[in-house]
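All of the numbers you see were taken from the coordinates with simple rules; none came from a lab. Model, not experiment: these values are computed from the prediction. Counting neighbours? That spans all protein chains shown, and the Cβs are built from the backbone with ideal geometry, glycine included.
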Amino acid sequence: MPDYRSILESNDPEVYAALVGEEARQRDGIELIPSENYTYPEVLALLGSVFTNKYSEGYPGKRYYGGQEYTDAIEEIARERARAVFRAEHANVQPLSGSAMNQAVYLGLLEPGDPILAMELSHGGHLTHGAPVSHMGRIFNFARYKTQPGDGAIDYDHVRDMALEHRPKLLLCGYSSYPRDLDYAAFKRIADEVGALTMADISHYGGLVAGNAMANPLDAGFDVITTTTHKSLRGPRGGLILCREEFAKAIDSSVFPGLQGGPHMNQVAATAVTLQHAASDAFASYSRAVLANAKALAASLLEHGATLVTGGTDNHMLVIDVIASYGLDGRAAQALLDGVGITTNKQVTPDDPLPPFRGSGVRIGTPAATTRGMGTQDMARIGAWIDRALRAGGDAKALAAAAQEVRAFCQAFPVPGLD
Ligand code: DSN
């Protein structure tokens, strides 16, 4: 095998320098963006494998091009493992990523203009859940429910009222910035009352569902779930659609030829390997550790006096209201944390008066740190560094000292695929 690193280093030093820089960044800092993770070495290898060379439009046994004996095998393995891990009747493993995955469901099960009820973006929903700036927000007639003031939780009576008013064809739940679990039975009851299909976008916590640390909406009778594969599931960038058999044909045709061309078979191969890990006892332990770490980090931040959206967490993420806690907007807080080697993302909070490029919050999560082997004791230290950085003001010396401590701390935690 040719040594791609030395080829890159001599032929394309600019790209090589960026690769080496990113490796160091990932090793020397604490990754707390809740949608990121460190994938498996085999996934990195398969993403860079010869499967990337192959076109495979269609599905196993029904492809448009020849030479599919190994791609068919790989896709069948991935589909079978996805069905088993998520207790689903049908799996589509081809979505190129999260947005395409959700679009394929809407376009496969509904007609343009149909009403959909989903969660408001600033209250924790996702862009693809009908935000007006998204194409889906223009194509379908979305109404969006909000969380309640006070504890910041979903008010199921409010969801029901909106469902009765808007009569959605699809009731969508799932979130990208909501630190609590969902009552799927309540969503299903509301959907049944208005005759809506049920869909849960579990992208953020798909790994925690796979590891049986969080509830599976399919067990509550949901029609469809979608999840990206690269967040808590620890796989390659991509998406999965899992549904009841009666929707299999509509979903498959919507993904291909409806929305996408050739699947990325290097990604499908990497997804297959990811799903084998996801079925293991080790992954179930990992999933529980992600949740325990999030609770420990929340406890540490609360002890330091931070205000958290909803007051804590039931899942892998938390949102610090940095305006209320530290008098900083999300952008400033994110920059201060970047400066000490802690990577987070600025985040709007419910009905945030600040624009998304500032935001009143910072969103943090524990999947990546847990993958590196950090535990609940470490979360207490991380909470203290976050608090120190956000209280340091312009004190460059204090920030430099915290940065040095973070870097030294990280050396004890190998990065899968790098170390
Ligand atoms: N960008 C992802 C997240 O961070 O939640 C969702 O698309």
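Run the Debye formula on the Cα coordinates of segment 35-101, all scatterers equal and no solvent, and tell me log10 I(q)/I(0) at q = 0.22, 0.25, 0.27 1/Å. At q = 0.22, 0.25, 0.27 Å⁻¹ the computed log10 ratios are -1.22, -1.35, -1.35. A simple spin-label model places the labels of SER6 and SER280 3.2 nm from each other, with each point 7 Å out along Cα-to-Cβ. Using only alpha carbons, the chain has a radius of gyration to Kirkwood radius ratio (Rg to Rh) of 0.97. Peptide packing for 250-257, 388-395, 303-310 was compared via the average number of neighbouring C-beta atoms within 10 Å per residue; ordered from the highest value, the list is 250-257, 303-310, 388-395.
For the chain, modelled as a GNM whose springs connect Cα atoms under 10 angstrom apart, the maximal fluctuation among SER35, SER300, SER285 occurs at SER285.
On the beta carbon distance between GLU245 and GLN148, with R0 = 30 Å, the FRET formula returns roughly 0.25. Its relative contact order, with pairs defined as Cα atoms under 8 Å and 6+ residues apart, puts the chain at 23 percent.
Note on segment 182-264: dipole from Cβ charges, positive end direction compared against ALA186, PRO263, ALA210; the farthest Cα belongs to PRO263. Shape descriptor for segment 248-300: Rg over Rh equals 1.24 (Cα atoms; Rh from the Kirkwood inverse mean 1/r). Spatial offset of segment 158-208 relative to segment 363-419 amounts to 35 Å, using the alpha carbon center of each.
Net length available on complete extension from GLU57 to HIS158 is 32.0 nm, with 0.36 nm assigned per residue and the Cα-Cα distance removed.
Expressed to the nearest 5 percent, the antiparallel share of DSSP beta bridges inside the chain is 55 percent. Each peptide in 143-149, 375-381, 123-129, 286-292 gets a packing score, the mean of other Cβ atoms within 10 Å over its residues, and the list from highest to lowest is 123-129, 286-292, 143-149, 375-381. Once you reduce segment 40-118 and segment 219-270 to the center of their Cα atoms, the two points are 5 Å from each other. Per-residue Karplus couplings for segment 197-209, computed as 6.51 cos²θ - 1.76 cosθ + 1.60 with θ equal to phi - 60°, are listed in order as 6, 10, 9, 10, 8, 9, 3, 5, 10, x, x, 6, 6 Hz, Gly and Pro entered as x. Each helix, a run of at least 4 DSSP H residues, gives -39500 (n - 2.57); summed and divided by the residues of the chain, these come to -13500 deg cm²/dmol at 222 nm.
Stokes-Einstein diffusion for segment 217-283 at 4 °C, viscosity 1.567 mPa s, with a Kirkwood radius from C-alpha pairs, works out to 98 µm²/s.
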